[in-house]
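Report on the structure given below.
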Amino acid sequence: MSSNTKNLAIGLLTITAVILTVGVILTGSAATKPAYAGNVSSYGGAFTVTIGRVTRDAELIYLVDNTTERLLVYGLNRRSGKSAILDKAELSQR
């Protein structure tokens, strides 16, 4: 390989690295807005899911298994990111 070809390859690789680095920086620094949901319910097949707010930092997720007619209530702490089952109930009147 001649010196000219090596210099051209090094130059192209350097330009590519700079473009990729700028792309990563721009993508990582973009201000992401948090997703908010309110009064949303979703029915899909055997499950129905809806949410409810308890406090500013805590949310409830209600999950109904339509087949077995059971309800699970999950508590979600938005600050810590932790969740736990808070309540269970049988909805059927057998």
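The values are calculated or read from the model by the stated rules, or taken from the named source; none is laboratory data. Everything quoted here is computed from the prediction, not taken from an experiment. Glycine also receives a Cβ, built like all others from the backbone with ideal geometry; neighbour counts cover every protein chain displayed. We work out accessible area using only protein heavy atoms, side chains counted, and drop any ligands, DNA or RNA first. Shrake-Rupley method; radii C 1.70, N 1.55, O 1.52, S 1.80 Å.
Overview of results
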| item | result |
| --- | --- |
| Residue list for region 69-94, filter: open to solvent by 50 Å² or more (accessible area, probe 1.4 Å) and among the hydroxyl-bearing types (Ser, Thr, Tyr) | TYR74, SER80, SER83 |
| Inter-residue pairs, beta-carbon under 9 Å, first open to solvent by 70 Å² or more (accessible area, probe 1.4 Å) and in region 33-56, second outside any strand (DSSP E or B) and modelled with pLDDT under 75, 6+ apart | ARG53/GLY38 |
| Number of positions in region 69-88 that are of a type in the set (Ser, Thr, Tyr) and at pLDDT below 90 | 2 |
